[in-house]
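Written below as C-alpha cells is the structure these notes are about.
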Amino acid sequence: MQALENESFEIRIGSEIINYPLIKRHRCDWSKRYSLCPEEGPALIGNNTHIEVPNGKISIEELAKACESKDEIMKTRTCILETCLRQCPARG
C-alpha cells in the first residue's frame, strides 16, 4: 500500500525512545479498515473486493467512492488483521 513515509519521529516513554514512522493514513486504511485490496489480507476471509489504489495522496472522497463498490455481502466485515498490519513497525 506504500503507506509508510520515509520520515519518523521519536516518542519518549520513560527512558525508552521509540522511532515511529509517519503513515499515510488513507493508504493504510484502504486495506486495513475498508478491505479494498484483497491481497493485503481481506481475501483470507473471502472478501475479493479489489479497487485500484489511486496514485499519490488519497482523498476522503476517493476513499468514499471506492467503498461504494465493495462486495455487498462482505461489506459489513471490513476491519481485519491483514498482512501489512502484522508487519507494520507502527502497530505499537
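Scanning segment 43-58 for residues that are of a type outside the set (D, E, K, R) and either more than 14 Å from Ala3 (Cα to Cα) or not in a loop (DSSP other than H, G, I, E, B) (or both) yields Ala43, Leu44, Ile45, Gly46, Asn47, Asn48, Thr49, His50, Ile51. Just to be sure, is Gly46 at pLDDT 80 or above, of a type outside the set (A, V, I, L, M) and surrounded by fewer than 13 Cβ atoms within 10 Å (Cβ to Cβ)? In short, no. What pairs can you find where one residue is in segment 62-73 and in a helix (DSSP H, G or I), the other is buried (at least 16 other Cβ atoms within 10 Å of the Cβ), and their Cβ atoms are less than 6 Å apart, with a gap of 6+ or different chains? From segment 62-73, the pairs are Leu63/His26; Ala66/Leu36; Ala66/Ile51; Cys67/Tyr34. When the criteria are applied in full, Ser15 fails the requirement of being surrounded by 19 or more Cβ atoms within 10 Å (Cβ to Cβ) and either more than 16 Å from the chain's Cα centre (by Cα) or among the polar types (S, T, N, Q) (or both).
Is there a residue in segment 28-44 that is in contact (Cβ under 8 Å) with a residue 60 or more places away in the chain and small (Gly, Ala, Ser)? Within segment 28-44, not a single residue is in contact (Cβ under 8 Å) with a residue 60 or more places away in the chain and small (Gly, Ala, Ser). Looking at segment 1-42 only, could you name the residues that are more than 15 Å from Lys70 (Cα to Cα), of a type in the set (Lys, Arg) and part of a helix (DSSP H, G or I)? Residues satisfying the conditions are Arg25, Arg27.
The values are calculated or read from the model by the stated rules, or taken from the named source; none is laboratory data. Treat the numbers as computed from the prediction; the structure is a model and nothing was measured. Positions of Cβ are backbone-derived with ideal geometry, glycine not excepted, and every protein chain shown enters the neighbour counts.
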